[in-house]
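Worksheet for the structure shown next.
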Amino acid sequence: MSIAQLELTAFASGALLPIDAVPDPVFASGKLGSGIAIIPEDGKVVAPCDATVLLAPSSGHAIGLRCENGIDILIHIGIDTVNLGGKGFTTHVQAKQKVHAGDPLVDVDLEVIANAGYSAATPIVVTSKISAIEEQTSGDTVNIGDPLLRLIPVKRDAAAR
């Protein structure tokens, strides 16, 4: 049995940044998973696919999602922004909530991040085991809803079900 491929759309509008260029060694090293980052031009962060919210801390700095095909992803809004304790973040979702691509997840005041001296680079990483990630972007910037990544899941062995 195989799991369907998954298309993720841009969860924010802004400049693209390769994951290895994110100014945080854990994200840049790929320890949390493969992905890409967006440097947002406004404070809107939306669902990149239909999913169930796994993680929505009150700090608003991160959202964990389980996509419809079972792949888990993490969107981390800014670097070290957990230290803001929720200041500048408005979370629109809670754990176990179903969301559709484009639904608002978090609004963030980018000025609060900048004034605190943090980077607004916002990585999206795949935390599930997958066989490949293909970038679907053709430029240096994206708008919310633009094709971003195609996730190709590991094929499940029928005997492992």
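The values are calculated or read from the model by the stated rules, or taken from the named source; none is laboratory data. None of these values were measured; they are calculated from a predicted model. Methodologically, a virtual Cβ is constructed for each residue, glycine included, from the backbone with ideal geometry; neighbour enumeration extends over all protein chains shown. Calculation scope for accessible area: heavy atoms of the full protein, side chains included, ligands and nucleic acids excluded. Shrake-Rupley method; radii C 1.70, N 1.55, O 1.52, S 1.80 Å.
State whether the residues of the range 82-100 include one that is under 20 Å from LEU32 (Cα atoms) and open to solvent by less than 50 Å² (accessible area, probe 1.4 Å).
Looking for residues that are under 20 Å from LEU32 (Cα atoms) and open to solvent by less than 50 Å² (accessible area, probe 1.4 Å), one finds none in the range 82-100, hence no.
Quick check on LEU84: is it more than 21 Å from GLY145 (Cβ to Cβ) and in contact with a strand residue (DSSP E or B) (Cβ under 8 Å, 6 or more places away or on another chain)?
no
Could you list, ordered by first residue, the pairs with Cβ atoms under 9 Å in which the first is in the range 136-161 and modelled with pLDDT under 75 and the second is in a strand (DSSP E or B) and small (Gly, Ala, Ser), at least 6 apart or interchain?
Matching pairs, first to second residue: LYS155/SER131.
Among the residues of the range 105-131, write down those that are within 15 Å of VAL45 (Cβ to Cβ), part of a strand (DSSP E or B) and either in contact with a Ser or Thr (Cβ under 7 Å, 6 or more places away or on another chain) or open to solvent by 70 Å² or more (accessible area, probe 1.4 Å) (or both).
Across the range 105-131, the qualifying residues are VAL106, ASP107, VAL125.
Take the residues in the range 134-155 that are under 17 Å from ALA21 (Cβ atoms) and open to solvent by 50 Å² or more (accessible area, probe 1.4 Å); name whichever of them is nearest to the chain's Cα centre (by Cα).
Ranking the candidates gives GLU135 first.
Within the group ILE75, ILE79, which residue is open to solvent by less than 30 Å² (accessible area, probe 1.4 Å) and in a strand (DSSP E or B)?
Result of the check over ILE75, ILE79: ILE75.
Which of the numbered conditions does THR9 fail, given that it passes all the others? Conditions: (1) open to solvent by 30 Å² or more (accessible area, probe 1.4 Å); (2) among the polar types (S, T, N, Q); (3) out of contact with any Cys (no Cβ under 8 Å at 6 or more places or on another chain).
For THR9, the exception is condition (3).
Residues of the range 30-72 being within 23 Å of GLY139 (Cβ to Cβ), open to solvent by less than 10 Å² (accessible area, probe 1.4 Å) and part of a strand (DSSP E or B), which ones?
Listed by number, the residues that qualify are ILE36, ALA37, ILE38, VAL45.
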